[in-house]
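Shown next, in structure tokens, is the structure this report addresses.
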Amino acid sequence: MAKKEQAAAEDKLTQKAEFPSEKDLATSAAPQSTASDAPKQTDSTAAETATSAAAETKDPQAEQIKALQDKVDGTEDKYLRAEAEIQNMNNRFKKEREQLLKYEGQDLIKDILPVIDNLERALAVDVSDQNGKQLKKGVQMVYDHLERTLKDHQIIEIAAADQVFDPTIHQAVQTVAVEGDQKPDTVVQVLQKGYKLKDRVLRPAMVVVAQ
């Protein structure tokens, strides 16, 4: 009897060895970590840590180079601004100098204009005696010479008589009613001549305007 039980037990063990259960199959199929995997994970973690540490650590030389570059850029910008300002100043001075040369002597000319007015008034006086005629002839010579000199320096008389009133070159000191075929805003009388130096008005003409 004992031999039969022992034989049955051995058959049972043999069946278990030949035919593993589903649980055993699942356990054997699951991936198992090996000792060789551990160093790989450790190396990867160390590399990430080193990279992070390197990113956080700033290179002093690179920082110094960047600071110097910023300083150079700032200096260059200041230089360019200063150069532009100097150029603008030179252009402005050149323009002012050209203006001074163009209208050189205008203050002196303004002081001469009243002299011309007085000479014209003297020439407008009628004389009958010989001495008066000789004196008037001398005044005429002075006036002609002075007028010619003014023209040589591009000082010209402003046209006014029978011209349309222009407030930029005419100064209306009196208005009169329109008569006959006169047109409104027309200069009918010149009380004092006006003069221009090139394109600049030295003195507007004093006129009477028909309204």
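Ile112 passes every criterion in (1) under 44 Å from the mean Cα position of the chain (by Cα); (2) surrounded by 14 or more Cβ atoms within 10 Å (Cβ to Cβ); (3) within 30 Å of Asp185 (Cβ to Cβ) apart from (3).
Looking at the structure I just gave you, is Gln171 within 24 Å of Arg148 (Cα to Cα), touching a residue at least 24 places away in the same chain (Cβ under 8 Å) and either of a type in the set (Phe, Trp, Tyr) or surrounded by 15 or more Cβ atoms within 10 Å (Cβ to Cβ) (or both)?
No, not satisfied.
Just one residue in the set Gln211, Gln189 is open to solvent by 70 Å² or more (accessible area, probe 1.4 Å) and touching a Ser or Thr at 6+ places or on another chain (Cβ under 6 Å); that residue is Gln211. When Lys78 is tested against (1) within 26 Å of Glu147 (Cβ to Cβ); (2) modelled with pLDDT of 85 or more, only condition (1) is not met. Looking only at residues in region 146-168 that are farther than 15 Å from Lys198 by Cβ and charged (D, E, K, R), the one that is surrounded by the fewest Cβ atoms within 10 Å (Cβ to Cβ) is Arg148.
Residues checked against (1) over 44 Å from the mean Cα position of the chain (by Cα); (2) under 22 Å from Val207 (Cβ atoms); (3) outside any strand (DSSP E or B):
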position: Val127; (1), (2), (3): yes, no, yes
position: Lys133; (1), (2), (3): yes, no, yes
position: Lys136; (1), (2), (3): yes, no, yes
position: His145; (1), (2), (3): yes, no, yes
position: Leu150; (1), (2), (3): no, yes, yes
position: Thr168; (1), (2), (3): no, yes, yes
position: Gln171; (1), (2), (3): no, yes, no
position: Gln174; (1), (2), (3): yes, yes, no
position: Val178; (1), (2), (3): yes, yes, yes
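Take the residues in region 180-194 that are more than 12 Å from Met206 (Cα to Cα) and not in a strand (DSSP E or B), then tell me which one is nearest to the chain's Cα centre (by Cα).
Among those that are more than 12 Å from Met206 (Cα to Cα) and not in a strand (DSSP E or B), it is Asp185.
For region 98-113, does any single residue satisfy the condition of being assigned to a helix (DSSP H, G or I) and farther than 25 Å from Ile169 by Cβ? Checked region 98-113: no residue is assigned to a helix (DSSP H, G or I) and farther than 25 Å from Ile169 by Cβ.
The values are calculated or read from the model by the stated rules, or taken from the named source; none is laboratory data. All values derive from a computational prediction rather than experimental measurement. Every residue, glycine as well, gets a Cβ built from its backbone with ideal geometry; the counts of neighbours run over all protein chains shown. These accessible areas exclude ligands, DNA and RNA; they are computed on the full protein's heavy atoms, side chains included. Shrake-Rupley method; radii C 1.70, N 1.55, O 1.52, S 1.80 Å.
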